[in-house]
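The values are calculated or read from the model by the stated rules, or taken from the named source; none is laboratory data. Small disclaimer: the values here were computed from a predicted structure and weren't measured. In this analysis, Cβ positions are derived from the backbone assuming ideal geometry, glycine residues included, and neighbour counts consider all displayed protein chains.
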Amino acid sequence: MNKEKLNEGKKRILTGALAGAMVLSSFTISVLTSEVQAADASADKNVVLYAKDTQLSAMADKAATVNTYEDYKKGEYQKVTLNGDSITFEGSGAVVQGSDLLISAAGTYVLNGTLDDGAIIIDSPDEENVTLVLENVNITCKDGAPIYAKNCGKNVIISVPEGTENTISDGSSYTYEYKVESTDTETGETSLQPSAAIFSKADLKFNGGGKLTVNAHYNDGITGKDDVEIAEATLTINAADDGIVGKDSVIVKNGTITIKAEGDGIKSTNSEDTTKGYVAIADGTFNIISGNDGIQAETVLLTLGGDFTIKTREGAAAGKASQENRQDKMPAGENGQSMQRPEGVSGAAVRMENKNTSSAAIKPEKLDSSRFTSTAAAITEETESTSAKALKAGTKIVIQDGNFNINSEDDAVHSNGHAAVASGNFQIAAGDDGIHADTTLEIYGGDINITKSYEGIESAEITIEGGSIEIVSSDDGINVAGGNDNSGFVGFGPMNRDSFTTSAAITSQAIAGSDKAEQKLTINGGEINVNASGDGIDINGSGYMTGGTVAVSGPTNNGNGGLDYDGEFVVTGGTLIVAGASGMAQAPGSGTTVNTIAAAVTAQAAGTSIQLIDSSGTAVMAFTPEKGFSHIVISSAVIQTGKAYKIMGGDTELASFTADSTVTNLSDNGAGNKGMAPRAGADNMQNGQMEFPNNGGIKQERGMTQNNNTQ
């Protein structure tokens, strides 16, 4: 992640503390309360997402303890010399047949030289390992897999010693005599094997500090029908279909893996056993360009660390999020507000100045480990040809740590069940959603910068405990269960949305129905900045904010709102700032305990600085939205009961009020308030939606009406 760019963006909102605490550029905001300071004091306690989950713990242990390369010369070994069109073998346990080596016994076989058109075939019943040590070999097989393990009683180990460079290449069709038809004992499906340049029906393990290049012209690069483990090798794979496939699992301890695949980059495929079909990565460097998914697990995807650069298909520019500003380009509303994003405005969200939560904002014991039990979620039907996600899992994605640079045509991070992020750095450009989970999404920390998306983060239930989150979206920034938006204006109606499966977490309600009790947004901490062309925060249910700092810039069209919710939205802590259109504007409602101002104002251009000025003329809050706006919501302890304030837009006074109640609603009676009507049947004040009253009996200040409403 570009830290300098991120930090520069955060200077657009200036924050500090009252009562002698930190002051920045003379503007202050009471964010550093004793409660927040207490949270910061424990911020160094990282959340360990897998600690209380048996399956995840086992996966983490296995990924961290994969055996690395051991010097093969410490034991007995057989020497194999490749001579272009022939093979010289010295030892026992194998025979040469033409230009093929047939291995029938366990042992260590050291290969060197070049084989122009031949294969290494393993067919050993021994309950011991077969190890192939590649010492600067170049093996080509024009009509089959160059390395094919038909049978092995234990593991097939491929070692590439440090300092060696090795290449394995196949042809575009497999016709050699070793090809067989195989029936999967779990699914009953039949297939022709081998189906990869390196193919093993036994556990397949790679180690060593050397280099191995696999050129797979027929199908997959590396396939293991059980587990595939990689300890420390440098692998470069060019594949006609998938790069690395492990049916039961793919486990990476370390190494450098570069994949260019027409299909998936890395995947595990076992859908019959919920304890298998996973991908676990402890560390390593990954550079993946894939025609379909980057890394895909049929069940669980776990990352403990690593550096990931992933591009799927044509990248974000080819996804539906690439229809730039489709929400902003709606016709202008009756308030005269421009629906076009102003020239020169970047995609960055409104930023907060001081990071008041770290990447580990809660204590480990606060984690509800029941979110990550090993129960399988219903899997959305999706063909490989339509899926171009960067990180994808069938039941859950757990990101403990890692650095992710993602450019995906589809979702960047996608789970058909649960997802959780403990920490890490994310630079995401997505053609669809930045982070999506069908059932629950929990974010405990990390630096998440979503520079391009259709919807930024999306799930049926979202909980944010900490971290720094930047979202730029062409539709909703944060979307809870689907969305109440105008995506249909350009043909992206509900049929094109991500589906939300009905799993154990949400069986009590129907996503598309009226019972939305389980559709919920909870914000307990973190720093969240949203720049949205659709709804900034869209909750098809209820929202609860107890801490953290949230800033929303946009939308500019009256068909959406910076804050949009169906049930209730209650603020009892933290700081909330929303600057967007007024047509569908909502503010926090009943139950809110943090003093709040909601004001419809004269339309302002993007980049207009907003300042909240107290009665002494001191600016106690300042922020600069990056979209035009005609409505402002501020919930913050900086607003003190009984005190008078002015809201300034640049040098122009937009509103003045006295905070006589918890929620103060200001409404302009001018033509600018003839935006979209409230939703039929809604109790606008209960839901915090703006009303536009006449002047009867209400004090007016500088063209604004003041309506103090005690919640």
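Filtered by the rule that a residue be crowded, with 19+ Cβ neighbours inside 10 Å and farther than 27 Å from T190 by Cβ, region 159-180 gives S159, V160, P161, N166.
Just one of the listed residues (A429, A422, A460, A437) is aliphatic (A, V, I, L, M) and either closer than 24 Å to T556 by Cα or surrounded by fewer than 24 Cβ atoms within 10 Å (Cβ to Cβ) (or both), namely A429. Which numbered condition in (1) modelled with pLDDT of 90 or more; (2) among the hydrophobic types (A, V, I, L, M, F, W, C); (3) within 35 Å of the chain's Cα centre (by Cα) is the only one that A622 fails? So A622 meets the others, but not (1).
Of the strands (runs of 3 or more DSSP E) contained entirely in region 124-209, those carrying at least 1 residues that are hydroxyl-bearing (S, T, Y) fall at 130-141, 147-152, 155-159, 165-170, 180-183, 190-193, 196-200.
Each residue in region 310-325 was checked for being at pLDDT below 95, among the polar types (S, T, N, Q) and either over 29 Å from T556 (Cα atoms) or in a helix (DSSP H, G or I) (or both), and 1 of them qualify. Here E232 meets each of (1) within 20 Å of L304 (Cα to Cα); (2) modelled with pLDDT of 95 or more with one exception, condition (2).
Annotation: K260 fulfils all but one of (1) under 22 Å from Y50 (Cα atoms); (2) without any contact (Cβ under 8 Å) to a residue 40 or more places away in the chain; the unmet one is (1).
Of the residues making up region 523-531, at least one is closer than 23 Å to T662 by Cα and either over 20 Å from the mean Cα position of the chain (by Cα) or surrounded by fewer than 24 Cβ atoms within 10 Å (Cβ to Cβ) (or both).
Take V252 and tell me if it is over 19 Å from S195 (Cα atoms) and in contact with a Leu (Cβ under 6 Å, 6 or more places away or on another chain). No. Listed by first and then second residue, the pairs with beta-carbon distance under 6 Å, at least 6 apart or on different chains, first residue in region 277-296 and within 18 Å of A63 (Cβ to Cβ), second basic (K, R) and assigned to a strand (DSSP E or B), are Q296/K267; Q296/K392. Note on region 399-413: residues that are closer than 18 Å to N292 by Cβ and outside any strand (DSSP E or B) total 4. The criterion of at least 1 residues that are within 23 Å of N531 (Cβ to Cβ) is met by the following strands (runs of 3 or more DSSP E) wholly inside region 620-669: 629-635, 644-649, 652-658. Put simply, of A388, A420, A429 the only residue that is in contact (Cβ under 8 Å) with a residue 12 or more places away in the chain and not in a strand (DSSP E or B) is A388. Within region 45-72, residues that are free of Cβ contacts under 8 Å to residues at least 12 places away in the same chain sit with their Cβ atoms under 6 Å from residues that are buried (at least 19 other Cβ atoms within 10 Å of the Cβ) and assigned to a loop (DSSP other than H, G, I, E, B), at 6+ positions apart or across chains, in these pairs: S57/Y50.
Taking each residue of region 108-134 that is more than 21 Å from K74 (Cβ to Cβ) and looking for partners that are assigned to a strand (DSSP E or B) and aromatic (F, W, Y) with beta-carbon atoms closer than 6 Å, six or more apart or interchain, yields I121/Y148. In region 220-236, the residues that are within 15 Å of D61 (Cα to Cα) form Cβ pairs under 6 Å with partners that are in a loop (DSSP other than H, G, I, E, B) and polar (S, T, N, Q), at six or more places apart or across chains, as follows: A231/T68. Scanning region 532-542 for residues that are buried (at least 24 other Cβ atoms within 10 Å of the Cβ) and in contact with a Leu (Cβ under 9 Å, 6 or more places away or on another chain) returns D535, G536, I537, D538, I539. If I ask for residues that are surrounded by fewer than 24 Cβ atoms within 10 Å (Cβ to Cβ) and part of a strand (DSSP E or B), which ones from region 236-256 would you list? Within region 236-256, T236, N238, T256 qualify. Scanning region 289-306 for residues that are in contact with an Asp or Glu (Cβ under 9 Å, 6 or more places away or on another chain) and part of a strand (DSSP E or B) turns up S290, I295, Q296, T303.
State yes or no: is A202 among the hydrophobic types (A, V, I, L, M, F, W, C), out of contact with any Pro (no Cβ under 6 Å at 6 or more places or on another chain) and crowded, with 24+ Cβ neighbours inside 10 Å? No. Determine, yes or no, whether E298 is surrounded by fewer than 20 Cβ atoms within 10 Å (Cβ to Cβ), within 21 Å of the chain's Cα centre (by Cα), modelled with pLDDT of 95 or more and not aromatic (F, W, Y). No, not satisfied. Each residue in region 86-141 was checked for being acidic (D, E) and closer than 18 Å to P194 by Cβ, and 3 pass. Residues that are in a loop (DSSP other than H, G, I, E, B), within 19 Å of the chain's Cα centre (by Cα), modelled with pLDDT under 95 and among the hydrophobic types (A, V, I, L, M, F, W, C) occur in region 494-504; there is at least one.
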